Structure formats: structure tokens, C-alpha cells
Amino acid sequence: MDHLGHGLALQHEIFRSPGEAKFDWVERERPAHYAAGDTSPLYPDGVPATYRLAKFEEGKPSGWNPTIVSHEGFFTDVPGFENLAEGNSAKMLGSLSLARQGRYFYWGYSADPAELTDGAETTLVNVLHYMRGRRAEATVPYVCKTRKILWVYTVLGKDTGYRRGVEEHFLNQLTERWRATYTPSFAGAQEWVAKYQPYVFSGRGEQHRNGRYQTVFEVDEDAMALGTPNNLRASLERWIALAAGGGGESAADRERAERCLARYVHPDIAPAAGEGWPAWYEARRDHLVFVDSAGFYWLADPTR
Amino acid sequence: MIRAAALATLLVVVAPLVAQARLSVSVPHAQDCDVRATATDRELRLELRLADGFHAYARDVGGGGPVTLKLDPACGYEAAGPLLPPADKGGKVFGAAVWRLPIRPQRAGAELRATAWLQVCDELMCHAPERVELSGRPGGFPVLLVSGARDERSGRIADFLAARGLDVDVTTYAEATAAMCERAEVVLCDSKRFRETAKVREHVLAFPQTTTPIVAVGFFGTELVEAHGVAMTSGYV
């Protein structure tokens, strides 16, 4: 990433209070790696053919800085997460440069006033004011990478000849059982993601990491057999209904649903002894969130 | 830790949890009354402590002139509502009393300047009306700047923040403690660029856990946030 930012959430407090941030803008044509039709949280309708970038630093920094290429799409399921600006990434759309999670704010530019533009200086001071008062603000824990990384490999470098994502990284981030289902190519990656991504999970122990990768994915055959993507509320409700029985479901489906509930409802909030799933759900339904990065769990929203 | 040299001299943070700044008060001929003023970004408070037997006026009841408080229109604050006087007895105010003026900043780090007029009386006579000049930088709050080293860069950042009304302490990743972080309202964890950051990373990864909000900058920022078990910067490829 460099000295520019785009997709700024200009109505947000960090650009408005207590100072009004005024940037110098650079207008550019949409680059090839921000392909027409690609979207991100700050570009829900895609990047227009001509778009503008705000200068955060006076000049383009020399040298390579790999630190600020976090694909914000990873964290849209984190309660309270704020995407506030995209970095000018040479890789792909959806790289964040300004973001907040709980009491942490990520500032993806220099903090040195010798390098900052007036707009960036004002924004940095505003950020300090914005964060003040967020003492002890809770967020969900980080356990593992999200399923979005697998999708990223299907597009990253597709137009530049970079193939390590699909040939090496994708393959080695699957458990041994599931590597056999994967063809290490862009076409193979796309096919695999389309079929299996709704049912992957990770973060449950040594089987989900290896010497090189902190996160290794497994496909949940129970959820797949039921046709219930593991992160959807409709799936949670389906498992509860199946587990409760009485609907003429098969014993096999009921057992699958019970395994899914045990697998995806965080132990900290699981039903107490004698508490049935329906009653448990009614008591907590408005406070439940599914978060990939928290270990692929339904858990209590810490921001509520 | 070192105190940022350019810290605005008029600012004294007296209550860090609410970041209320005491303002400089100039009262050439104060008689039978102590005057104090404090302010946050949202409220200017003028406090009078009247000597026994003396009173001021919260409203015009035909005695002495009531207390007025007006912002200098050229300063970086504007009134956000009318002056709110204390409770009175027939227009008179006794003992300790506070007038509150809602305000809002027009830019970060602006100086607040205001003028109050007050008149102190007893049952027999009134002192001459007194003009009170108030000035200072409200909105300041303690920020801990954490750097790889105390150097020109950290000095520039500290001076920059202090000039905008913030109360800046500077430390390094090697020296930072949880107690230092807890004393601040925000911790700003700076980072030079990748490959300019040798020999500091181990301290970044061991940065103390704190309840204080953290603004994490650049490469070290990503490392620190992930080391604290927060997903936000874990996804870069």
C-alpha cells in the first residue's frame, strides 16, 4: 500500500469531528485489479470507471510496505467492526487502511507530521478523540483466519500470473482429507469454493493448524449433508428444530443437527443441564452472532 | 517518560477521566469572590465562591448586574446553547455556584477564550462590575505515545499532538508498562516502515494488555493488534 486512500467513509466522525478533514484528491481510472463488478464493504456497487483517492502522505513512500493489506471482507461478521478507508492496494479491492475493532483502531499510514497531509493530520487527531472513551470496549476474540481467505486465492493474481495462492497456499490450508478434493488451479479453486466454502470451519485444535499455516480448514460433512451453511441463522434454527424432533425427520439428520449445535455453539453459552435448545434459543436469539475469526462459533455479541 | 515540550502552558488537566481542563482566569480586582473556570469540549463552567454575606446575581432583579459569559467570536469555539445559571433565591446566588455554557469546537486543538462580567454585593452595597478573562485549551486528554525509540520522529509526533491540545507522554515499546497505558485515555503505538523497525518487534509482540483504547500504526500496529488477540489485522496476504 502507499500514501493514498479511497472509499473513505467521509460522513464518519473521524473525518468530521472535532476538525473537518480536507484532503487533496487524485483522480484515476479504475485499475485492472479492481475489476468491474468486484465489490467490497466500502464499494458495495463496485468501483466506478473513474474514482478518486485521498492523499494521506505528501509523497509515495520508498520501499515495500506489506503491512497494510488486510482484506476487510474478512471481518464483516465481527460485531461493531468499522471499515473506514481502503488502502491503495496493488493486489486487490478490499484492503483496509483505516478500521476499528473494539478498542483498537488501525491507522495504516504514517503518524509522522513530517509526512502527513493536512487532511491526514486532522483525521489522526480526530481518531484520537473518537477512540477516547472506548476504554475496556469488548470485541470477539481472534482464533483463526476466516473462510474468505479461500475466496481471495481464487482471484488474487489471476491477471498477473501469480499462482502460489491456488497452487500452494490453498492446498496446504486444507486438512489432508480435503486436499484430495482440490485441484490446484484457478478453475479448481473456484469450483472448490463454490461447493465447499459455506461448510468450512477451523480453529478447533492441532488438526486445524500446521507448521506453516496457523489456519487449516476442514469441511463439515454434517452441515453439508443437511444443506445448512454453518454461518447462517436459518441453519442454526434448522438444527434446533431437527434436534427438538417431532417433525418426522430421520434419526440421522437429527444426529447431524445435534453435532452441528455442539460444534458451532460456543461452550461458554451452551444450554445449561436440562435446558432445551428451543428455550435456549428464545432466551438468546437477539444476542447471538456467528463469527469466523472467533473460531467459527455462534457466540454472544460482546457489543450488546 | 518525558513530558512533551510544547504542551500548551495554559492547560492543566485536573480530572483526566472527564478530561476537564482548568482555564486561565484573569480577574484584575476580584473582591469577596474566588473565580474558577474549567471546560470540556462541550461545556464551559464558571464557578464563583462567594465570601460569607456576599452574593452575585443569576438574573436581573433590579439589584446588581447578573453574571454574563460570552465567547470570543474569533476563538475556535462557539456557543451551543444559552448560559445556564445556578439555582437562585430571588435572583441572588450565595456560596459556591456554577454557570454552565454549552459549547462546541470548530476545529481540533482550538483555544477557548471568553469574557465574563460579574458583580458581587452584600446587603448594603455592590462592588464595581468586574471583567473576567478566561482562556485555555479544553478537550485535552492524556495520550501515551509509544515509539521504537525516542528520536526526532517521536518528538515531532509529540509536539504535533501537544500543539493540538493533547497531553502527551512519550515512551518506548521496551519501556511501556500496563500502568502507563492505563493512565492514558488513548495509547498511540507508532511504527516506522517495514524494514526500518529492527530489534523492536519482540517488545511489540509483548506489548502490555490494557483497557485503554489503542491506535495502532502501520507494521507494528498490525503485529500488536494480532498479538492482542484481535482479528482486524490478521488477514493480510
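What follows is calculated from the coordinates using simple rules that are stated; it is not laboratory data. Quick caveat: nothing in here was measured; it's all calculated off a predicted structure. In this analysis, Cβ positions are derived from the backbone assuming ideal geometry, glycine residues included, and neighbour counts consider all displayed protein chains.
Annotations for the structure displayed:
- Cross-link partners of A:LYS22 among lysines (Cα-Cα below 16 Å; sequence separation of 8 or more within a chain): A:LYS55
- Mean separation of Cα contacts under 8 Å (6+ apart) over length of region A:52-180, as relative contact order %: 22
- Listed as lacking a disulfide-compatible partner in the protein assembly as shown: A:CYS144, A:CYS260, B:CYS33, B:CYS75, B:CYS181, B:CYS189, by the criterion of no other cysteine Cβ under 4.7 Å.
- Note on A:GLN197 and A:ARG177: the model spin-label points, each 7 Å out from Cα along the C-beta direction, lie 2.3 nm apart.
- The stretch between B:GLN106 and B:ARG150 holds 12.6 nm of extra length on full extension. This uses 0.36 nm per residue minus the Cα-Cα distance.
- Listed residues A:ASN88, A:ALA35, A:VAL265: farthest to the positive end of the dipole of chain A (Cβ charges): A:VAL265
- Label point 7 Å beyond Cα of B:ARG59 along Cβ direction - residues of region B:69-112 with amide nitrogen under 17 Å: B:69, B:82-94, B:98-100
- When each full DSSP H helix of chain A is screened for a Cα extent of at least 18 Å along its own axis and an average Kyte-Doolittle hydropathy of at least -0.5, the helices passing are A:118-131.
- Proximal charge balance of A:THR146 [Cβ under 10 Å; K/R count +1, D/E count -1]: +1
- Test item: Cα-centred dipole of the protein assembly as shown, Lys/Arg +1 and Asp/Glu -1 on Cβ, debye: 380
- A straight line joining the Cα centroids of region A:150-226 and region A:227-304 runs 25 Å.
- Counting charges near A:ALA251 (Lys, Arg +1; Asp, Glu -1) among other residues having Cβ under 13 Å from its Cβ returns a value of -1.
- Estimated translational diffusion coefficient (Stokes-Einstein, Kirkwood radius over Cα pairs, 4 °C, 1.567 mPa s) of chain A: 60 µm² per second.
- Nearest-0.05 FRET efficiency for B:GLU175 and B:CYS75, computed from C-beta distance (R0 30 Å): 0.20
- Stretching A:THR39 away from A:ALA273 to a fully extended chain increases their span by 79.7 nm, per 0.36 nm per residue minus the current alpha-carbon distance.
- Using a Gaussian network model of chain A in which every pair of alpha carbons under 10 angstrom is joined by a spring, one finds that among A:ALA54, A:ALA251, A:ALA223 the greatest mean-square fluctuation is at A:ALA251.
- Once the C-beta distance of A:ALA114 and A:ALA234 is scaled by a Förster radius of 56 Å, the resulting FRET efficiency is 0.60 to the nearest 0.05.
- Relative contact order of region A:148-261, pairs being alpha-carbon contacts under 8 Å that are 6 or more residues apart, as %: 19
- Where only DSSP H runs of four or more residues are counted, chain A gives -7500 deg cm²/dmol as its mean residue ellipticity at 222 nm, each run worth -39500 (n - 2.57).
- Each peptide in B:148-158, A:96-106, B:166-176 gets a packing score, the mean of other Cβ atoms within 10 Å over its residues, and the list from highest to lowest is A:96-106, B:166-176, B:148-158.
- Charge dipole (Cα centre; +1 on Lys/Arg Cβ, -1 on Asp/Glu Cβ; no other charges) of region B:142-233 amounts to roughly 280 debye.
- Taken one residue at a time, the phi angles of region A:101-117 give Karplus couplings (6.51, -1.76, 1.60, θ = phi - 60°) of 9, x, 8, 10, 10, 9, 10, x, 10, 5, 10, 8, x, 5, 10, 7, 7 Hz. Gly and Pro are set to x.
- Residue pairs, from the table A:LYS148/A:LYS195; A:LYS91/A:LYS145; A:LYS60/A:LYS148; A:LYS145/B:LYS199; A:LYS145/B:LYS192; A:LYS60/B:LYS192, whose Cα atoms sit over 22 Å apart: A:LYS60/A:LYS148; A:LYS145/B:LYS199; A:LYS145/B:LYS192
- Selection from A:GLY161, A:LEU174, A:ALA251, by position along the positive dipole direction of region A:148-261 (Cβ): A:GLY161
- Anisotropy class of region B:84-225 from Cα gyration tensor, a/c 1.5 cut: prolate
- Between B:ALA227 and A:VAL26, the modelled label-to-label distance comes to 3.2 nm, taking each label 7 Å out from Cα in the direction of the beta carbon.
- Packing rank of A:84-93, A:213-222, where each peptide gets the mean count of other beta carbons within 10 Å, highest leading: A:84-93, A:213-222
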